[in-house]
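Heads up, the thing below is written out as structure tokens.
The values are calculated or read from the model by the stated rules, or taken from the named source; none is laboratory data. Remember, it's a predicted structure, so these values are computed and weren't measured experimentally. Positions of Cβ are generated from backbone atoms using ideal geometry, with glycine treated the same way; all protein chains shown enter the neighbour counts. Just the protein is used for accessible areas: all its heavy atoms, side chains included, with ligands, DNA and RNA removed. Shrake-Rupley method; radii C 1.70, N 1.55, O 1.52, S 1.80 Å.
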Protein chains: 2
Amino acid sequence: MTEQVPDLQIAIEQIKKSLEEGLHAQAIAHFNELALGDQAEAFNQLEENEQATLLPRLDVGATADLFDRLTDSETLEASENLTLERLADVLEEMQPDEAADLLGDLPPEQASQALEEMEDSEDVLPLLGFPDETAGGRMTTEYIAMRQHTRVEQAIKFLRDVSPDHEVPYYIFVVDREKRLVGVLGLRELVVSDPQAVMEDIMDPDVIYVESGVDQEVAANVLVRHELSAIPVVDEQKRMLGVITHDDILDVLSEEATEDIYRLASVGAIELEPESPVRMHIRGRLPWLYLNTLTALFAAWIISHYEVIIAQVAALAVFQSVVAGMGGNASSQTVAVIVRSLALGKTSPSKVWVVLWRELVVGILQGLAVGLLVALGVWLWRGNPYLGVVVGGALMANLIVAGLAGAIIPMALKSMGQDPALASSVLVTAVTDSLGFLIFLSLAGYFLPHLF
Amino acid sequence: MTEQVPDLQIAIEQIKKSLEEGLHAQAIAHFNELALGDQAEAFNQLEENEQATLLPRLDVGATADLFDRLTDSETLEASENLTLERLADVLEEMQPDEAADLLGDLPPEQASQALEEMEDSEDVLPLLGFPDETAGGRMTTEYIAMRQHTRVEQAIKFLRDVSPDHEVPYYIFVVDREKRLVGVLGLRELVVSDPQAVMEDIMDPDVIYVESGVDQEVAANVLVRHELSAIPVVDEQKRMLGVITHDDILDVLSEEATEDIYRLASVGAIELEPESPVRMHIRGRLPWLYLNTLTALFAAWIISHYEVIIAQVAALAVFQSVVAGMGGNASSQTVAVIVRSLALGKTSPSKVWVVLWRELVVGILQGLAVGLLVALGVWLWRGNPYLGVVVGGALMANLIVAGLAGAIIPMALKSMGQDPALASSVLVTAVTDSLGFLIFLSLAGYFLPHLF
């Protein structure tokens, strides 16, 4: 099914048309024909009322599969179309980790009612205590574990007997009698081993794991670094609690990247999409604009101290924004490199001196490269070499400031346990704006007699 | 091995110490004790001369494993420490996709010499023709394929006989006599099936695949959407060429996110890290700064037309940057949301009208929210209501411009087949700066008599 996008669009049109004509069974049939991954895409492209018509008519298993694929907020929204009884049935069929996420997102009263209504909540209950963004909150309890003395033929018989839709079909985790994790083996080793061999002999005892409390991004980085398909999650006694699979890690990494991109651009809500409701846009963006307003007015206040000389040499107003703006551009380059490298574990606050020294050298060189060119350009344009010196010199100084502030602020935030992406842009822009104007206008004040 | 970072740091110190004392065998022993994923991390933390000492002393297999884990540019750099014969041996042992990437990155003459020197290059050769950033460039040729009439017991015997380090140990791909992909099955189905069953009976014929020429990001999105562990790559006749595994997809997604973050901040080299050599910083950053200089000077040229009125009312110089800067902030919010949503397939240029309408409404509301407050603030601060009207009104207009430009420019780039992240920031900032100054100063010109 390559190039499935056109096919998918056709299927979506068929579903919409069937719904419009009241042919509900036909709409359901079209929907069920889609691959699971496409169902989520198709569902998201339906209007709200279409979703409300379709959803209660899907069978419980299909609804659970769909909910497993939707994002958490989409699942929550979709769940509002189901009765409590139906919701409980769907929760039972969902993957335990996804079900736990949905229960955590529901209003507390509704969540406890749904839990009561569920006939089999033992997979989900142990997951409810873990915060969403930790390894424990990301793991599933659906994995295959065997005791270390189990023979290969017993293991294969067990695999035949248990339901075939486990989320982790490629690893078998080996545990001792206290459920402590002692090894791992791939299904492939199981297939090719002597039926009489025991797990202990064929497993890899150097199993890589994370504790339930670690941040999901840490778990993701461990899985990526060791190129694993799944990573087991344990408690402090190394007892096996669950498994995080690579597709959950993909979600984690994608979310973390979105978060960094949004925060660097001062967007406060990672679930924001271009077509999100207006109130979500306002909620995610306006608070940051207000914060930027404050820093912009602070920079304006700095300029206001130089109104007297601007009134004498209006050309200063022409070039002040070049100095401040270029500082902003240079600093956002540095902030992006630092923030991304911190996220990927490629640098750390302990290296701040090395990084600052590098930024200082880069700042001086780029300052010279840009400053000299602009100085020359301004001299030629305005016919006054001193104005060139003031603009070029201030540019040079502000590019150095930009590199240093762009490195030190995210690193400082990180070492204080804050997200370096969160406030870096605002803080760094405030510095390059304010200092940019200050440097430029005080330099202009110094050369004032030559600027007329 | 949870919390392995402190242990890893200790191991790295031991390696460094052993190298310093000339105890090479001991350094190698420490290095070999590390998990594969940690070896790459440790290697990267060594100084260049330490790497040069260590590398030729590692055995061929260990070097190949290490090269498989390093990024492409790190591998290229490390390979300079090896003789041609040694490099050829290492290339043979590397994963074919990684070996092909390295051969592609080497200087052409050296690459062809290495290929000649290799005894067994048949895994690598077919991969050399595919561009790096396509599905074909990402795939490996190490996968397990079986004919559709193969019986389960034959398949298990085959698995026992072939070397156990295939990259895709959880799927078996089923092909017909023309090597056309006809189905897939998990190792689990193989384990639990009747030994006499044939592949055709137990395989899933609805196999999801991509063609070799599609962009790696498209392949990544297909794998993510369908939550696969690996995705087969085929030619136009649906003949099986290779497989992309989920850890390669993780690399793709991580690279693409880095690329977007860097491009949004006008950083032109995605391999840039805080500690990269100064020349790499300059190469990745300076060209964009020059481009920004041009747009900043263009904005300055616009201001220069209003020098006469600025000379009369210097307060205009105080507030012009607030208007332009806030436009820049608002537009970078919009650009971030649009670019990220385009990358994740959550919106497309076909929705431009819906998105523009949304941005218009958001722009008007945020323009009112910020504009009114700033108007009031300026009035109170400067005691001139007209100045408040000019600043607030221009702010309002520029926030609307910012939302529209921030949406339309990345969408237009995308629909022209360009990367929307690439030039959006520069272009959009140029628009909000220039129009910001223009709107503000011409509004000021209109109200000029009241501004003294």
Note to self: I need the full set of residues from segment A:321-336 which are at the interface with another protein chain (Cβ under 7 Å from one of its Cβ atoms) and either among the basic types (Lys, Arg) or open to solvent by 10 Å² or more (accessible area, probe 1.4 Å) (or both), in order please.
What the structure shows: A:Ser321, A:Gly325, A:Asn329, A:Ser332
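Going through A:Ala35, A:Ala62, A:Ala27 one at a time, which residue ends up being aliphatic (A, V, I, L, M), at pLDDT 90 or above and surrounded by fewer than 20 Cβ atoms within 10 Å (Cβ to Cβ)? So that I can check it myself, show each step before the final result.
On the way: A:Ala35 fails: at pLDDT 90 or above; A:Ala27 fails: surrounded by fewer than 20 Cβ atoms within 10 Å (Cβ to Cβ).
So the residue among A:Ala35, A:Ala62, A:Ala27 that is aliphatic (A, V, I, L, M), at pLDDT 90 or above and surrounded by fewer than 20 Cβ atoms within 10 Å (Cβ to Cβ) is A:Ala62.
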Note to self: So if I check each of B:Phe158, B:Phe173, which one is touching a residue at least 24 places away in the same chain (Cβ under 8 Å) and hydrophobic (A, V, I, L, M, F, W, C)?
What the structure shows: B:Phe173
Check: Name the residues in segment A:82-91 that are part of a helix (DSSP H, G or I) and open to solvent by 50 Å² or more (accessible area, probe 1.4 Å), would you?
Finding: A:Glu85, A:Arg86, A:Asp89
Notebook entry, point to check: Of the numbered conditions (1) open to solvent by less than 30 Å² (accessible area, probe 1.4 Å); (2) within 11 Å of chain A (Cβ to nearest Cβ); (3) free of Cβ contacts under 8 Å to residues at least 60 places away in the same chain, B:Gly388 satisfies every one except a single condition; which is it?
Noted result: (2)
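In segment A:189-204, is there at least one residue being closer than 30 Å to A:Ser254 by Cβ, in contact (Cβ under 8 Å) with a residue 40 or more places away in the chain and either within 12 Å of chain B (Cβ to nearest Cβ) or out of contact with any Ser or Thr (no Cβ under 7 Å at 6 or more places or on another chain) (or both)? Give the steps one after another, and end with the answer.
Step one: list which residues in segment A:189-204 are closer than 30 Å to A:Ser254 by Cβ, which gives A:204.
With the extra rule that they be in contact (Cβ under 8 Å) with a residue 40 or more places away in the chain, the set shrinks to none.
No, segment A:189-204 contains no residue that is closer than 30 Å to A:Ser254 by Cβ, in contact (Cβ under 8 Å) with a residue 40 or more places away in the chain and either within 12 Å of chain B (Cβ to nearest Cβ) or out of contact with any Ser or Thr (no Cβ under 7 Å at 6 or more places or on another chain) (or both).
Residue by residue through segment A:65-87, note down the ones that are basic (Lys, Arg) and within 20 Å of A:Met139 (Cβ to Cβ). Show your work before the answer.
Residues of segment A:65-87 that are basic (Lys, Arg), as a first pass: A:69, A:86.
The answer is A:Arg69, and nothing else.
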Notebook entry, point to check: Quick one: what pairs do we get from segment A:422-448, first residue more than 16 Å from A:Thr293 (Cβ to Cβ), second not in a helix (DSSP H, G or I), C-beta under 6 Å, 6+ apart or different chains?
Noted result: A:Leu441/A:Tyr306
Next item on the list: Scan segment B:98-131 for residues that are acidic (Asp, Glu), in a helix (DSSP H, G or I) and open to solvent by 50 Å² or more (accessible area, probe 1.4 Å) and report the count.
Entry: 4
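Going through A:Ile261, A:Ile310, A:Ile303 one at a time, which residue ends up being open to solvent by less than 10 Å² (accessible area, probe 1.4 Å), assigned to a helix (DSSP H, G or I) and in contact with a Phe, Trp or Tyr (Cβ under 6 Å, 6 or more places away or on another chain)? Give the steps one after another, and end with the answer.
Values: A:Ile261 fails: in contact with a Phe, Trp or Tyr (Cβ under 6 Å, 6 or more places away or on another chain); A:Ile310 fails: in contact with a Phe, Trp or Tyr (Cβ under 6 Å, 6 or more places away or on another chain).
None of the other options fit; the residue is A:Ile303.
In segment B:41-66, what count of residues is obtained for those that are more than 22 Å from B:Ala88 (Cβ to Cβ) and assigned to a helix (DSSP H, G or I)?
Step one: of segment B:41-66, the residues more than 22 Å from B:Ala88 (Cβ to Cβ) are B:41-42, B:44-50.
Add one more test, that the residue is assigned to a helix (DSSP H, G or I), and what stays is B:41-42, B:44-45, B:48-50.
Counting residues in segment B:41-66 that are more than 22 Å from B:Ala88 (Cβ to Cβ) and assigned to a helix (DSSP H, G or I) gives 7.
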Next item on the list: Only one of these is touching a Leu at 6+ places or on another chain (Cβ under 6 Å) and open to solvent by less than 10 Å² (accessible area, probe 1.4 Å): A:Val370, A:Val339, A:Val318. Name it.
Entry: A:Val370
Check: If you scan segment A:237-248, which residues turn out to be out of contact with any His (no Cβ under 9 Å at 6 or more places or on another chain) and at the interface with another protein chain (Cβ under 10 Å from one of its Cβ atoms)?
Finding: A:Lys238, A:Thr245, A:Asp248
Next item on the list: Evaluate segment B:216-232: report whether one residue or more is away from chain A (no Cβ under 13 Å) and in contact (Cβ under 8 Å) with a residue 12 or more places away in the chain.
Entry: yes
Check: Do the conditions hold for B:Leu54, that is, is it closer than 25 Å to B:Glu275 by Cα and in contact with a helix residue (DSSP H, G or I) (Cβ under 9 Å, 6 or more places away or on another chain)?
Finding: yes
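Quick test for you: out of A:Leu365, A:Leu395, pick the one residue that is open to solvent by 60 Å² or more (accessible area, probe 1.4 Å) and in a helix (DSSP H, G or I).
Numbers: A:Leu395 fails: open to solvent by 60 Å² or more (accessible area, probe 1.4 Å).
From the options A:Leu365, A:Leu395, the qualifying one is A:Leu365.
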Next item on the list: Tell me, please, whether a residue that is open to solvent by less than 10 Å² (accessible area, probe 1.4 Å) and of a type in the set (Ser, Thr, Tyr) can be found in segment A:191-204.
Entry: no
Note to self: For B:Ala257, only one of the following conditions fails: (1) aliphatic (A, V, I, L, M); (2) within 30 Å of A:Leu356 (Cα to Cα); (3) over 21 Å from the mean Cα position of the chain (by Cα). What is its number?
What the structure shows: (3)
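Among B:Gly406, B:Gly363, B:Gly371, which is farther than 19 Å from A:Tyr262 by Cβ and within 13 Å of chain A (Cβ to nearest Cβ)? Step through it out loud before you land on a result.
Values: B:Gly406 fails: farther than 19 Å from A:Tyr262 by Cβ; B:Gly363 fails: farther than 19 Å from A:Tyr262 by Cβ.
Of B:Gly406, B:Gly363, B:Gly371, the one residue that is farther than 19 Å from A:Tyr262 by Cβ and within 13 Å of chain A (Cβ to nearest Cβ) is B:Gly371.
Out of A:Ala402, A:Ala412, A:Ala423, I need the residue that is part of a helix (DSSP H, G or I) and either farther than 26 Å from A:Gly284 by Cβ or aromatic (Phe, Trp, Tyr) (or both). Which one?
Values: A:Ala412 fails: either farther than 26 Å from A:Gly284 by Cβ or aromatic (Phe, Trp, Tyr) (or both); A:Ala423 fails: either farther than 26 Å from A:Gly284 by Cβ or aromatic (Phe, Trp, Tyr) (or both).
A:Ala402 is the lone residue from the list that is part of a helix (DSSP H, G or I) and either farther than 26 Å from A:Gly284 by Cβ or aromatic (Phe, Trp, Tyr) (or both).
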Next item on the list: Could you tell me whether any residue of segment A:142-164 is farther than 24 Å from B:Leu34 by Cβ, touching a Ser or Thr at 6+ places or on another chain (Cβ under 7 Å) and either within 13 Å of another protein chain (Cβ to nearest Cβ) or open to solvent by 40 Å² or more (accessible area, probe 1.4 Å) (or both)?
Entry: yes
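This table checks each residue for (1) outside any helix (DSSP H, G or I); (2) modelled with pLDDT of 90 or more; (3) open to solvent by 40 Å² or more (accessible area, probe 1.4 Å); (4) facing chain B (nearest Cβ under 7 Å).
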{"position": "A:Glu256", "(1), (2), (3), (4)": "no, no, no, no"}
{"position": "A:Ser266", "(1), (2), (3), (4)": "yes, yes, no, yes"}
{"position": "A:Glu275", "(1), (2), (3), (4)": "yes, no, yes, yes"}
{"position": "A:Arg285", "(1), (2), (3), (4)": "no, yes, no, yes"}
{"position": "A:Leu291", "(1), (2), (3), (4)": "no, yes, yes, no"}
{"position": "A:Thr295", "(1), (2), (3), (4)": "no, yes, no, no"}
Next item on the list: Might you let me know whether segment B:67-81 holds any residue that is farther than 30 Å from B:Leu128 by Cβ and in a helix (DSSP H, G or I)?
Entry: no
Next item on the list: Search segment B:35-58 for residues that are on the phi < 0 side of the Ramachandran plot and more than 10 Å from every other protein chain (Cβ to nearest Cβ) and pair each with any residue that is of a type in the set (S, T, N, Q) and open to solvent by 40 Å² or more (accessible area, probe 1.4 Å) when their beta-carbon atoms are under 7 Å apart and the residues are at least 6 apart or on different chains.
Entry: B:Gln51/B:Asn81; B:Ala52/B:Asn81; B:Leu55/B:Asn81; B:Pro56/B:Asn81
Margin query: Restricting to segment A:231-249, give me the number of residues that are open to solvent by less than 10 Å² (accessible area, probe 1.4 Å) and either in a helix (DSSP H, G or I) or modelled with pLDDT under 90 (or both).
Written below: 4
Notebook entry, point to check: What do you reckon, is B:Ser18 assigned to a helix (DSSP H, G or I) and under 28 Å from the mean Cα position of the chain (by Cα)?
Noted result: no
Notebook entry, point to check: Taking into account only those residues within segment B:276-288 that are touching a residue at least 12 places away in the same chain (Cβ under 8 Å) and of a type outside the set (Phe, Trp, Tyr), which is nearest to A:Gly363 (Cα to Cα)?
Noted result: B:Arg285
